[in-house]
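Colleague: Would you mind keeping the following structure in view while I ask a few things?
The values are calculated or read from the model by the stated rules, or taken from the named source; none is laboratory data. Everything quoted here is computed from the prediction, not taken from an experiment. All Cβ positions, even for glycine, are placed from backbone atoms using ideal geometry, and neighbour counts span all protein chains on display. Each accessible area value is taken on the protein alone, full model and side chains, heavy atoms only, with ligands, DNA and RNA left out. Shrake-Rupley method; radii C 1.70, N 1.55, O 1.52, S 1.80 Å.
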Amino acid sequence: MRDVIVVGAGAGGPVVAKELAAKGLDVLVLEAGPRHADPRAEWTSFENDANNPLTGFLRLGPTDRTRPAWFRELPQNSFVWQVSGVGGTTQHFYGNYPRPYPGVFDDYTGPDAAAYDIQHRFPFGFRELLPYLEWVEATAPVATAAMGHKEQTFFRGCESLGLPVQTTKTTREASYRPQQNAVLQPHGTAGRSADTDLLHYPRATGCTFCGYCFQGCMRPVGAPRNQYAKRSTDNSYVPMALTADAWARGGKPSTLITDAYVTRIHAETRNGKLTASGVTWKDNTTETEHREDARVVVLAGGCVENPRLWLNSGLPNPNDWVGRGVTDHFLDWVVGVFDDPVGNPKGVGSAARADFPSKGGLENVGVPPALHAFAMNFSDSGIHGHYANGRGPVGPWDGPAGRLTGPMLKDLMSGRLENLLSVVVLTDDDVQPENRVVRSGLPLGDEHGPVPKVQMWGRKRTRRTLENREFLARRAAEVIRGAGAKRVYRIDWAPLLLHIQSSMRMGGSERDSVLDSDAQSRAVRGLYIADTSALANALGGPNPTLTTQALATRTAEKIFAEHFGGDPWVYADNPVVSTDPRITVRLGQLGL
Amino acid sequence: MDEARTWDRRGFLTRIGLFGAAGAGGLLAAPAAAAPREPIEDVVGLLRPVLDELARDTMTGLSVFVCPGPDAHSVAQGTRRSEPGAVEAGTPRFLLDALNKFMPLPDELLRPAVAALVTALSDAGVHLPILDGLPNVVATLDKALAKLLQNNATVPLPVVAAALLNLVATGVKPAAVAGPLGSPFSRLSFAEKATVFSVIEAPLPDLVAVLDVHLPQPLKASLSGLLKFLGGALLEFAAFGSYSEFAVFDPVRRKLIARPVGWTLSGYQPDGPVEGWDEFLGYYQGRQEVRG
Ligand SMILES: Cc1cc2nc3c(=O)[nH]c(=O)nc-3n(C[C@H](O)[C@H](O)[C@H](O)COP(=O)(O)OP(=O)(O)OC[C@H]3O[C@@H](n4cnc5c(N)ncnc54)[C@H](O)[C@@H]3O)c2cc1C
């Protein structure tokens, strides 16, 4: 019998594991995917080898790459980009750690309070979450991002719009700024040299500006795991959970088992209440089934998997909100072509952003050629110059929105990857019950039971969501033009689920939420959710990981208090940074 | 509705490109096809490579739609380019690989899908010029295909995708059932190929209705949804593959054996893979830390 079982080692799960391991609890982390213990021996930085969603080493599937990826049904033009393995989808992520907008919390009284998704606010205040945000910022650690040419260009565009510069962490007005990133800043030769021989740790520390964020971070060469620049959880929280005795007094290292696919959550009636008791998991390699019991079960398998696991386990769903209310920031892509190089895709994936509270945000993004070509062919507006699929919005971009393909794509890319500046639109989108995860009816169940079906409406969004997205796409085009682009294209992405939130949302009302304000299931006691699916809403548009991890830290405290009689610590203690040398030394001793 | 469901198998086989491909593959000249009393198994055996070839040719036509080059398929669509394109980047094989790995379609799902597709599309009043003169072998091909489907619980997705593109292609341009190159889709111009995608992305309301009517919940919208998903995915994957290192990556040594076409086209990594760049320009307005 364990104290706590955590399902999933992505952005959220390892946070609970690390916090409770530090308190001496016996924590088991079960991760369905691989553990890439030695990236230098297993990875490359090539796009297909890394990112191919079916065969890449960063994909949603088992360790053995000759076996199929795990299938999700998508009954519309769309794509879900999730990764299995230690680090989960943070292996792909860009480490952007903006705070959520205060307007999405229930203590907000600003003049624009009514402009947010007020039906689905967080059931507590921003002020309550703030210390947890600061705790995660110190742990990751988060820092003001350095500039490269693509950021300089983006800022030039923002300056041309006359927007103010944000010089605080919390966003309170329409403004622009360098990102707050969970990326170690460049020192030594990092960022100052392209000579491979000079870019070894410790001569180089922090981000080397390689431009490979999407393909997983293993730089600088020779750095210990917890000193890799990008703070995906395989580099930050997981090492801390596994070495808790080295840096926390009374800490107990968590146990991590990978290729361990949880297929069932068990619950039984105790004291008249349905209570979680443990899980069954399947070893991907041996195909054997195992059962483990625990006092508390924490689900952190991501927004798509949690509802599936819940429904496959036959857990109660009294208000039918399991899987409902998925938000995705209804992303869009606007790209500008410049006469001169603007640094794409060098440097951190994204180091600049603009925010428009109650509407959403924009960020510049650098991506290598295959992903860029993918991004420009992912549209709900047909093919530029040929058909618009009933959409093709027009605005301050050239021609109607749509895919750039064939000769046009070639001309655009032709020796000019460095001359493209791309901006992602992050819409503050409303929680809508129709956007949901259900179990697929296709006869395609894998060895883990019926697969999830992710139903996202590309067009039938609320008026507020649609207006926000149009507003932001226009601002994006203006920023790019203001920076000096000769041509600007809007793609009008179909739903591309990179940021997926709120499929098992917490809320103030029993009618439209799965979790109470402690992130505990309303229907099953002792069952908590600690990943992006627990978020109450889309946060207003800011990237979800910081808030998810802050909430998971708070959830760890709630678990410790309710089930183990302990005291909260975030208000009282100082956080340990994940680069702490004690962690490095212990990882070395463990051969990690 | 019942009337609409009756459809012409000969027309179907011709339109997915099978008849033309079987001719090109020498299948129609094979004794089994010429003499329908011979064991159908012989035709089944011959049919598999023909289907594979049909899928390969169709995927080539798709690849150059996204990234044209100097090859015959690019010429055929009217967009010849002097610099290398998708064929040189290995995109057709990339797509076949991806579709094979994505998922095989269970026959039980495919049958109603095919029936529905053909019903809806044959209503569009397409006249196939060469159909009238076809020999009886189409009946044999039809039987062989049925047999092949029966023996396999699933149909490879490349064949399904190719059939879909070709079926719609012959709706856009009936004359594409015959001609040079190995598939109707590959015989279209660039603009006609774009029209094929416009049809797939916004299927006729009738088609959606028929596709979904055949299936109860929770399969509702699964087939029409899959069609839309596939329409998008084919283009995105072709783009991704064309600009990636797929064709020149040695998975054992985890190294490139040549410079990827997509890198040459885009100017990516001019001197090969790097560990970093001298791209650090300091901090905006000199600010390295913010609070509050
Ligand atoms: C390209 C890209 C860039 C991004 N950039 C940013 C960014 O800059 N900032 C930001 O905040 N966010 C970013 N995101 C989003 C961010 O990565 C995700 O929101 C976040 O990782 C989601 O965390 P999660 O814990 O909910 O799920 P995941 O990180 O997906 O983790 C879930 C884990 O659970 C495992 N699992 C699932 N089911 C089971 C099971 N049944 N049994 C055992 N284990 C299971 C999975 O294998 C996986 O490892 C980006 C995403 C992408 C794709």
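Colleague: Can you tell me the dipole magnitude for the protein assembly as shown around its Cα centre, using point charges on the Cβ only (Lys, Arg +1; Asp, Glu -1), in Debye to the nearest 20?
Modeller: Computed charge dipole of the protein assembly as shown: roughly 440 debye.
Colleague: Ok, one more. Looking only at the protein assembly as shown, where both bridge partners belong to it, what percent of the DSSP beta bridges are antiparallel (to the nearest 5)?
Modeller: 70
Colleague: Taking every pair of Cα atoms in the range A:395-541, average 1/r, invert it to obtain the Kirkwood radius, and report Rg/Rh to two decimals. Each step should come with its number before you reach the end.
Modeller: On the way: Rg = 19.9 Å, Rh = 18.4 Å.
Taking Rh as the inverse mean 1/r over Cα pairs, Rg/Rh reads 1.08.
Colleague: In the protein assembly as shown, if every C-alpha pair distance is counted and binned at 10 Å from zero, what percent goes to each bin?
Modeller: P(r) for the protein assembly as shown, in whole percents per bin: 2, 13, 23, 25, 20, 11, 5, 1, 0.
Colleague: While we're looking at this one, here's another question. Which of the residues in the range A:30-68 show a loss of at least 40 Å² in accessible area from their chain by itself to the complete set of protein chains, at a probe of 1.4 Å?
Modeller: So the qualifying set is A:F46, A:N48, A:L54.
Colleague: Next question. Which log10 I(q)/I(0) values does the range A:468-525 give at q = 0.29 Å⁻¹ under the Debye formula, counting every alpha carbon as one identical point scatterer?
Modeller: -1.11
Colleague: Give a residue-ordered list of calculated ³J(HN,Hα) values for the range A:293-306 (Karplus: 6.51 cos²θ - 1.76 cosθ + 1.60, θ = phi - 60°; whole Hz; x for Gly, Pro).
Modeller: Taking θ as phi minus 60°, the curve returns 10, 7, 6, 9, 10, 10, 8, 8, x, x, 5, 8, 7, 4 Hz for the range A:293-306.
Colleague: What number in nm² do you get for the range A:67-139 if you take the convex hull of its Cα atoms and divide its surface by four?
Modeller: Over every viewing direction, the Cα hull of the range A:67-139 projects on average to 8.2 nm².
Colleague: In nm, to one decimal, how far is the modelled label at A:D64 from the one at A:M1, with both set 7 Å along Cα→Cβ?
Modeller: In this crude label model, A:D64 to A:M1 measures out at 3.6 nm.
Colleague: If I model a spin label as a point 7 Å beyond the Cα along the Cα-Cβ vector, how far apart are those points for A:R249 and B:A175 in nm?
Modeller: 8.8
Colleague: Between the range A:93-135 and the range A:232-287, what is the separation of their alpha carbon centroids in Å?
Modeller: Each part reduced to its Cα centre gives a spacing of 29 Å.
Colleague: If you don't mind, there's one more thing I want to ask. Below 8 Å between Cα atoms, with a sequence gap of 6+, how large is the relative contact order for chain A in percent?
Modeller: 23
Colleague: Another question, if that's okay. For the range A:91-133, what ratio Rg/Rh do Cα atoms give with a Kirkwood hydrodynamic radius?
Modeller: Numbers: Rg = 12.3 Å, Rh = 11.6 Å.
Across the range A:91-133, the Cα-based Rg/Rh ratio is 1.06.
Colleague: Now for a separate question. Is there a simple number for the mean count of other chain Cβ atoms within 10 Å of the Cβ of residues in A:394-406, and what is it?
Modeller: 3
Colleague: Would you be so kind as to identify which of A:A572, B:L181, B:A89 lies farthest towards the positive end of the dipole of the protein assembly as shown, taking Lys and Arg as +1 and Asp and Glu as -1 on Cβ and the Cα centre as origin?
Modeller: Among A:A572, B:L181, B:A89, the one farthest towards the positive end of the dipole of the protein assembly as shown is A:A572.
Colleague: List the aspartates and glutamates whose Cα sits under 18 Å from the Cα of B:K255, skipping any in the same chain fewer than 8 residues away.
Modeller: Within reach: A:D38, A:E42, A:E47, A:D49, B:E245, B:D271, B:E275.
Colleague: What part of the accessible area of chain A, given as a whole %, is carbon or sulfur when the probe is 1.4 angstrom?
Modeller: 49
Colleague: I'd like to check one number: the per residue accessible area of chain A, probe 1.4 Å, reported in Å² as a whole number.
Modeller: Here the residues of chain A average 29 Å² of exposed surface.
Colleague: On a 0 to 90° scale, report how tilted helix A:13-22 is relative to the longest principal axis of chain A, with both axes built from alpha carbons and the result rounded to the nearest 10.
Modeller: Here the helix axis deviates by roughly 50 degrees.
Colleague: Okay, next question. Which distance in nm do the two modelled labels at A:K460 and A:R127 give, with both placed 7 Å along the Cα-to-Cβ direction?
Modeller: In this crude spin-label approximation the distance works out to 4.2 nm.
Colleague: Here's a follow-up. Within straight cross-link reach of B:K173, meaning Cα distance under 19 Å, which aspartates and glutamates are found once same-chain residues fewer than 8 apart are removed?
Modeller: Answer for B:K173, where 19 Å is the Cα cut-off: B:D8, B:D57, B:D123, B:D132, B:E192, B:E201, listed by chain and number.
Colleague: Are there any trypsin sites (Lys or Arg not before Pro) in the range A:242-336 that are in a DSSP loop and have at most 10 other Cβ atoms within 10 Å? List them by number.
Modeller: A:R249
Colleague: Extent of the range A:127-183 along each principal axis, from alpha carbon coordinates, in Å, largest to smallest?
Modeller: 36, 24, 10
Colleague: Another question, then. How big is the B/A interface in buried accessible area, both sides summed, 1.4 Å probe, to the nearest 100 Å²?
Modeller: The contact between A and B buries close to 6900 Å².
Colleague: Here's a follow-up. Going Cα to Cα from A:K453, which aspartates and glutamates come in below 14 Å? Please leave out same-chain ones fewer than 8 positions away.
Modeller: A:E73, A:E305, A:E434
Colleague: Beyond 29 Å between alpha-carbons counts as too far, so tell me which of A:K18/B:K101; A:K346/B:K228; A:K23/A:K230; A:K282/B:K228; A:K23/A:K273; A:K18/A:K230 fall in that bin.
Modeller: A:K18/B:K101; A:K346/B:K228; A:K282/B:K228
Colleague: Could you work out the helix-only [θ] at 222 nm for chain A, with each DSSP H run of four or more residues adding -39,500 (n - 2.57) and the total divided by the number of residues, to the nearest 500 deg cm²/dmol?
Modeller: So the calculated ellipticity at 222 nm is -6000 deg cm²/dmol.
Colleague: Return the Cα extents of the range A:1-151 along principal axes one, two and three, sorted largest first, each rounded to a whole Å.
Modeller: Cα spread of the range A:1-151 along its principal axes, largest to smallest: 55, 45, 39 Å.
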